[in-house]
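Beneath this line is the structure, given in structure tokens, with notes to follow.
Readers should treat all values here as calculations from the given coordinates under stated rules, not as data from a laboratory. Small disclaimer: the values here were computed from a predicted structure and weren't measured. Quick reminder, even Gly has a Cβ in these numbers, built from the backbone with ideal geometry, and neighbours come from all protein chains shown.
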Amino acid sequence: MSDKKTDENYMSIALDLAAMGQGRTSPNPMVGAVIVKEGNIVGKGWHKKAGTPHGEAAALAKAGASAEGGTLYVNLEPCCHRDKLTPPCTDAILKSGIRRVVVGMQDPNPKVSGKGIETLREAGVQVDVGVLQERCERLNKVFTKFITARMPFVTLKVAQTLDGKIATSTGESKWITGPEARKHGHMLRNFADAIIVGIGTVLRDDPSLTTRIEDADNARDPERIILDSTLRIPLDAKVLNVQSNAKTHIVTTLAAPTAKIKEIKKKGAEILIMEGDVIKLPLLMEEIGKMGLINVLIEGGSRVNAEALRSGVVDKAAFFIAPKILGGDDARGSIGGSSPESLDMAIPLFDMRFTRLGEDLLVEGYLRKPGENQPIGRQRSADSAAGQPAPQPVDMRRSQPAGHRRKKRHKK
Ligand SMILES: NC(=O)c1ccc[n+]([C@@H]2O[C@H](COP(=O)([O-])OP(=O)(O)OC[C@H]3O[C@@H](n4cnc5c(N)ncnc54)[C@H](OP(=O)(O)O)[C@@H]3O)[C@@H](O)[C@H]2O)c1
């Protein structure tokens, strides 16, 4: 095997190890590491959960003294900062006597971003960067979004008919897709930190918003976030009564009646009051990011999906499409609201992926090009299509006027 192939081979193993932490490492990245000496793997490890050893530290601990003189493969640049419970990985690497470090991608965290690599090089360690970089970047898209924009990565999940309907004229939506697609949908929940739905969906479907997968011991419920600006939620709604380790948050506005707030808190749910009479999704995403929830799934309905796209908070679309035609202007379309006037204003998707799930098709794509964090709403899309220079990337936290950050958090 050529040196390049050898490096790719071990990096691929590191990536597979990293992926074992999927959905469990927030707000940290997924990191896997392999230590190779004289053609043999002497240590492997991955980051399992925030607060536990990083991937490199886990692999070094496995390798022990055999790490000396070896090569460490790691999908993300080793950290060098000292403001966490876990010590910097660069210290552990230098102490172990590792001679070469192969890094998949530079850490997008501004606190690290090249400094970890520099620290190692300055100490005489050979560092090679960029092996299987694209795969590495794809794996940690969620972390990259969070660490650069301080906003969660948002996936809009929709189950629709071929003609784009998510419910009949009476609101019936169970089930549009088949068992394989629904199983996959539950895996998305299993990996998500939070799931958002509108009160319309709660009133119509009374969902529990839990994760139901075969491997129940390893299932994790996302935190449930309900958008309900006047607290129309019934006290017997499943989301307020479900047995789950994950919290339920009801996001509301100053229009919410105080008595109902008290009743909901008695149920153990948390209330988040946003100022004004509507819930502004970019502001809500900031709050969700502050809670350490970095991977968010939006499961609509129609109005919430529309507002999520309009406000530019969505990073990825995951549309499950069933081979069924429902028809009817009165059936619920997957994205509500009014249609733009021009096709130029359609929101483009990038880096598409198509997966067959039983009879259904899962279509996935990103709403932002690699390296972009700026919102892509309809306006932005129209600007680009018209050949206008795209606006410069913005820090979305600063895109609101000062003093506009408003929320009151009521703990249970
Ligand atoms: N097939 C699928 O993938 C799928 C998934 C989910 C739901 N559904 C179906 O979708 C239907 C419900 O859709 P829907 O459009 O009626 O309701 P929805 O999108 O679930 O909820 C909309 C409601 O949420 C509240 N809300 C608060 N803040 C909001 C914001 N920033 N943006 C948007 N809404 C906000 C509003 O009520 P307030 O003004 O009272 O706050 C609004 O009327 C049901 O039939 C359900 O079965 C299908």
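Observations on the structure shown:
- Estimated inter-spin distance, Ser339 and Ile213, nm [label 7 Å along Cα→Cβ]: 3.8
- Estimated FRET transfer efficiency (Gln22, Glu180; beta-carbon r; R0 25 Å; 0.05): 0.80
- Ala346-Lys95 FRET efficiency (beta carbon distance; Förster radius 60 Å; 0.05 resolution): 0.65
- Helix axis angle, 179-191 relative to the chain longest principal axis, alpha carbon, degrees: 60
- FRET E, pair Lys247, Val278, Förster distance 41 Å, beta-carbon r, rounded to 0.05: 0.95
- The equivalent ellipsoid that matches the C-alpha gyration tensor of region 215-277 spans semi-axes of 24, 12, 8 angstrom, in descending order.
- For region 113-120, Karplus couplings with θ = phi - 60° (6.51, -1.76, 1.60), whole Hz, Gly/Pro x: 4, x, 6, x, 5, 4, 4, 5
- Selected from Gln160, Ala216, Ile271, residue furthest toward positive end of dipole (the chain; charges at beta carbon): Ile271
- Cα→Cβ-extended label distance, 7 Å offset, between Asp206 and Ala123, nm: 6.0
- Since only Gly365, Thr90, Ile347 are under comparison, the one whose Cα sits farthest along the positive direction of the charge dipole of the chain, derived from C-beta charges on Lys, Arg, Asp and Glu, is Thr90.
- Every helix of 4 or more DSSP H residues in the chain counts as -39500 (n - 2.57), and over all residues that averages to -8000 deg cm²/dmol at 222 nm.
- Nonlocal amide H pairs with Met105, under 5 Å, H built at 1.01 Å: Leu76, Glu77, Gly130
- The chain - Rg and Dmax from Cα coordinates, angstrom: 22.9, 70
- Contact order normalised by residue count of the chain, Cα under 8 Å, 6+ apart, percent: 15
- Unit Cα scatterers, Debye sum, region 1-75: log10 I(q)/I(0) for q = 0.11, 0.16, 0.19, 0.24 Å⁻¹: -0.25, -0.51, -0.69, -0.98
- Hydrodynamic radius of region 1-157 per Kirkwood, over alpha carbon pairs, in Å: 15.2
- Each part gets one Cα centre, and for region 245-266 versus region 282-345 those centres are 24 Å apart.
- Per-peptide packing, taken as the mean over residues of other Cβ atoms within 10 Å, places 245-254, 55-64, 26-35 in the sequence 26-35, 55-64, 245-254 from highest down.
- Residue list for region 154-177, given a label point 7 angstrom along the Cα-to-Cβ vector of Lys238 and an amide N cut-off under 12 Å: 174
- For the chain, a Gaussian network of Cα nodes joined below 10 Å ranks Gly124, Gly114, Gly164 by mean-square fluctuation, and the top entry is Gly124.
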